[in-house]
Amino acid sequence: MYQYDTIDKEMLADRSAEFRGQVARRLSGELTEDQFKRLRLMNGLYLQLHAYMLRVAIPYGSLNPTQLRKLAWIGRTYDKGYGHFTTRTNLQFHWIKLKDAPDILDHLASVDMHAIQTSGNCIRNTTTDPYAGATAEEVDDPRVWAEAIRQWSTFHPEFTFLPRKFKIAITAAPKDRTAARVHDIGLVLKRARDGALGFEVIVGGGMGRTPHIGPTIREFLPVNRLLSYLEAILRVYNRHGRRDNIYKARIKILVAALGKDEFARQVEAEWAKIGEAVDLPDTELARIRGAFAPLGFETLPERSEAFETAKASTPAFARFARNNVKPHKKSGYGIVEISLKAIGETPGDATSDQMEVVADLAERFGQGDIRVTHEQNLVLPHVKLDDLPAVWAGLEAAGLATPNINLVSDIIACPGLDYCALANARAIPIAQHIAEKFRDQDRAEQVGELKIKISGCINACGHHHVGHIGILGVDKKGEEFYQLTLGGSGAEDAAVGSMLGPALPYEKVADAVDTLVDVYLRERKDGERFLDTFRRTGVAPFKEAVYADAH
Amino acid sequence: MKALTANRLTDGEVVFWKDGAWVERFADAQLWSDDDAQAVEAEAQGKSQGTTVVDVYLIDLVESEGLWAPLSYRERIRALGPTNHPHHGKQAEGGAVIEALQHASGAARSTGRVNLIKRK
Amino acid sequence: MPTLIEIRDGVAKTVADAFTHVADDEDMATGDVILSLARFQSDGDRLLSEGRRLGVRLKSDEQVEALAYDLPRLTLVALEFPKHLDGRAYSNARLLRERFGFKGEVRAVGDVLREQAPWMIRVGFDAYEPADGSSANEWQAAARRYRHAYQRAADDRPVAFEERA
């Protein structure tokens, strides 16, 4: 993992000192709320319904145990003993006091963490594959480039006041766990026939009010030219993106308006003029790459007797292994997904106690490496199969062994109207009600992969457009209604979901999902996922079943 | 009926106006009839307290179990706390007014907040 | 007249402004003036022939490329921030310095707040008309807020990867 050096640490210290001064000026009345709001947002501090919310950056979703323990401690000391992991792989504290915020930033800085650029119209945290460095699918470690982007984008003097926020995703595996095609920029790392590494560059994807699957504007960008190319894209966007209408200000609107060919032409023309000055020199790339050098894996047999024995003797462990353990590139190791979707709990929430359990397990069994997924779960990417029974037991004792990764109850939900000042409707209780319907794990496994994503407003923090079943909360004269969409995907087969029919009232949503699942089970053919069946049958059978009462 | 609400600057706590001061419990809030000019005066006074509160606006109320509750769902959540954590926020305290809020129905946006959003 | 703060070689000071902003609908002032792009294009030649020094004030939706051939004749370029969140002038400033090699003054005008100082300095601004009543001392402090920079820009400070090398 990347270790902050003096320069990285001093950047955080300087930021923290600046923010302390700004808070003092606000409390003394020197700054008005309008003036201060932009400054606090630049440090991820929002005023929500009940309190301030602090969004802590977790750069490319990577944490070490010391950092996770500090987050746990902050949650216990300044919040109500928990935190909420988000779809940007960040962590939000929902009960923060403004007067405590400068101290919290200092505590974060003490473990190389911060809240820089977690809000505002700037380049936000980069998403990358939570299996990076662990999966055999990847052509190279995407974290190298995510760290290069972190540094390049941090306090970028030209791109701190963009038309709108800007999000980048990088994946190096054909199976996309980053939702690259619905980011402002999606980068897919590929290896050419001659072995050279390059990026497929996708620009102008996005969700929100007008969802777009991003088009590819360059098939192969040599990796060492990444930063100059990003600079060209951002400059074209900064100069030409719309600033007259907040809903038309994202880069997706510019790309769609110009057409991808014309947009690509402008980027290429700008890139040619920029030259190589902003690209990282090979020495710096080598330094960063060194931080992500493969860990010291043991040479282990493919088969672990301890693992097999535990599976045979403990059905609950076998279920966990089936759903939450993924293949590792090294034999004898596994990737462990920790579900933050316990049935009836809030998706993405982890208590301080749970965070400490994960930190301990990562330290003892996981090479001190913890990842956050954009689906609001945690990952221990390097666990020996021999150690899996112990890891599972530790998770189980902390209520963290829910065996539902990628299943119907592994639901993404934004905080919604329970916390968020922008929301129109609640998202969390909808997720809870749906999960309850599938408490029976046999049934959930029988249903198989089904991604439900819920947003409490059109800003789409809950990624509803790309849910196999998407649920959008809307406000009808002050009452909560929910618009269902089907057939979306944020993965390599990205698609925007299509509308099922008229919005449903709060009480009807979980039943409707239950009905949709029944239709799928009835219609599915040999091994089809929900998404596959929907793509084959179209919306008709689903629509008919859900709105049967209305006929 | 109407009440005046805001968030306290130092900690973001939801507060309500009562006789020139800000209180944390909706049960203690000062209520005005819809045509009471004092409500508008209080709102103006509240808005001038920029180092004490932010986002000051009037909310509309509806009758619930013989008591008054905010008309909009959003305002009831502000006055209670998040529905996914019944022990977090003001609802943890319990009591008749809290229960009345929890049982209130009625749905509309608060005109005061609509105006606040429009101004931005 | 607005305060003018210059930052040269890392030192901020309040200076007397030799230039007068002349809006399109105002009568021409005497001496050195700052004009809109349109007015410069119609009156610039004549004013320059009178021996005056000129500056052009670009709106945030105007692009420095429009000035490419005139830059050697200009003493300063003023870039406008209609509101501080409109970041187009950062690109304009950087291009003036990096692409067109402009050595004259690049002045920030409009909604210019001291919070913006660290970014403005890095993209090549060297003069500021603050809208928040801030002093040269405050600009000096804001300008030195960050001891390091991660990425190359229009200034010549060594960036992180050079400090590390």
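The values are calculated or read from the model by the stated rules, or taken from the named source; none is laboratory data. Here the structure is a predicted model, which is why all the values come from computation and not from measurement. Note that we place each Cβ from the backbone using ideal geometry, even for glycine, and neighbour counts take in every protein chain shown.
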Can you tell me how many residues in the range A:11-33 are within 12 Å of chain B (Cβ to nearest Cβ), of a type in the set (D, E, K, R) and either loosely packed, with under 15 Cβ neighbours inside 10 Å or in contact with a Phe, Trp or Tyr (Cβ under 6 Å, 6 or more places away or on another chain) (or both)?
-> 3
Qualifying positions in the range A:442-477 - out of contact with any strand residue (DSSP E or B) (no Cβ under 8 Å at 6 or more places or on another chain) and at pLDDT below 95 | A:459, A:476, A:477
For the range C:136-157, enumerate the residues that are in a loop (DSSP other than H, G, I, E, B), within 9 Å of chain A (Cβ to nearest Cβ) and free of Cβ contacts under 8 Å to residues at least 40 places away in the same chain.
-> C:145, C:146, C:147, C:148, C:149, C:150, C:151, C:152, C:155
(1) part of a strand (DSSP E or B); (2) surrounded by 19 or more Cβ atoms within 10 Å (Cβ to Cβ) all hold for residue A:474 apart from (2)
Condition met for residue B:56 (part of a strand (DSSP E or B), in contact with an Asp or Glu (Cβ under 7 Å, 6 or more places away or on another chain), among the aliphatic types (A, V, I, L, M) and more than 10 Å from every other protein chain (Cβ to nearest Cβ)) | yes
Name every residue in the range A:96-119 that is part of a loop (DSSP other than H, G, I, E, B), more than 14 Å from every other protein chain (Cβ to nearest Cβ) and either of a type in the set (D, E, K, R) or surrounded by fewer than 23 Cβ atoms within 10 Å (Cβ to Cβ) (or both), in order of residue number.
-> A:111, A:112
Any chance residue C:88 is away from chain A (no Cβ under 11 Å), over 10 Å from the mean Cα position of the chain (by Cα) and closer than 22 Å to residue A:234 by Cα = no
Being in contact with a His (Cβ under 9 Å, 6 or more places away or on another chain), in the same structural domain as residue A:164 (by TED's automatic domain parsing), assigned to a helix (DSSP H, G or I) and within 28 Å of residue A:157 (Cβ to Cβ), is that true of even one residue in the range A:285-297?
-> no
May I ask you to say which residue of A:21, A:29 is in a loop (DSSP other than H, G, I, E, B) and either in the same structural domain as residue A:93 (by TED's automatic domain parsing) or within 26 Å of the chain's Cα centre (by Cα) (or both)?
-> A:29
Scan of the range A:144-160 for residues that are more than 7 Å from every other protein chain (Cβ to nearest Cβ) and assigned to a helix (DSSP H, G or I), ordered by number | A:144, A:145, A:146, A:147, A:148, A:149, A:150, A:153
Residue by residue through the range C:71-104, note down the ones that are of a type in the set (Lys, Arg) and within 18 Å of residue C:41 (Cβ to Cβ).
-> C:73
Look at residue A:522 and say whether it is charged (D, E, K, R) and in contact (Cβ under 8 Å) with a residue 40 or more places away in the chain.
-> no
With criteria (1) within 10 Å of chain B (Cβ to nearest Cβ); (2) in contact with a helix residue (DSSP H, G or I) (Cβ under 8 Å, 6 or more places away or on another chain); (3) part of a strand (DSSP E or B), residue A:53 comes up short on (2)
Please verify whether the range A:478-493 includes one or more residues that are surrounded by 17 or more Cβ atoms within 10 Å (Cβ to Cβ), under 30 Å from residue B:72 (Cβ atoms), modelled with pLDDT of 95 or more and among the small types (Gly, Ala, Ser).
-> no
Options A:408, A:391, A:379: the member that is without any contact (Cβ under 8 Å) to a residue 60 or more places away in the chain and under 28 Å from residue A:443 (Cβ atoms) | A:391
Look at the range C:54-81 and say how many of its residues are among the charged types (D, E, K, R) and within 19 Å of residue A:158 (Cβ to Cβ).
-> 5
Take the range A:56-68 and flag every residue that is assigned to a strand (DSSP E or B) and hydrophobic (A, V, I, L, M, F, W, C).
-> A:56, A:57, A:63
If you go through the range B:76-100, how many residues are within 14 Å of another protein chain (Cβ to nearest Cβ), in contact with a Leu (Cβ under 9 Å, 6 or more places away or on another chain) and in a helix (DSSP H, G or I)?
-> 7
Within the range C:122-131, how many residues turn out to be more than 8 Å from every other protein chain (Cβ to nearest Cβ) and either under 15 Å from residue C:156 (Cβ atoms) or of a type outside the set (A, V, I, L, M, F, W, C) (or both)?
-> 6
Of all residues in the range A:161-186, count the ones that are outside any loop (DSSP other than H, G, I, E, B) and either of a type outside the set (A, V, I, L, M) or over 15 Å from the mean Cα position of the chain (by Cα) (or both).
-> 4
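Listed here are the residues, each with its yes/no results for (1) at pLDDT 95 or above; (2) within 14 Å of chain C (Cβ to nearest Cβ); (3) surrounded by fewer than 24 Cβ atoms within 10 Å (Cβ to Cβ); (4) over 30 Å from residue C:84 (Cα atoms).
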site: A:122; (1), (2), (3), (4): yes, yes, yes, no
site: A:167; (1), (2), (3), (4): yes, no, yes, no
site: A:170; (1), (2), (3), (4): yes, no, no, yes
site: A:186; (1), (2), (3), (4): yes, no, no, no
site: A:205; (1), (2), (3), (4): yes, no, no, no
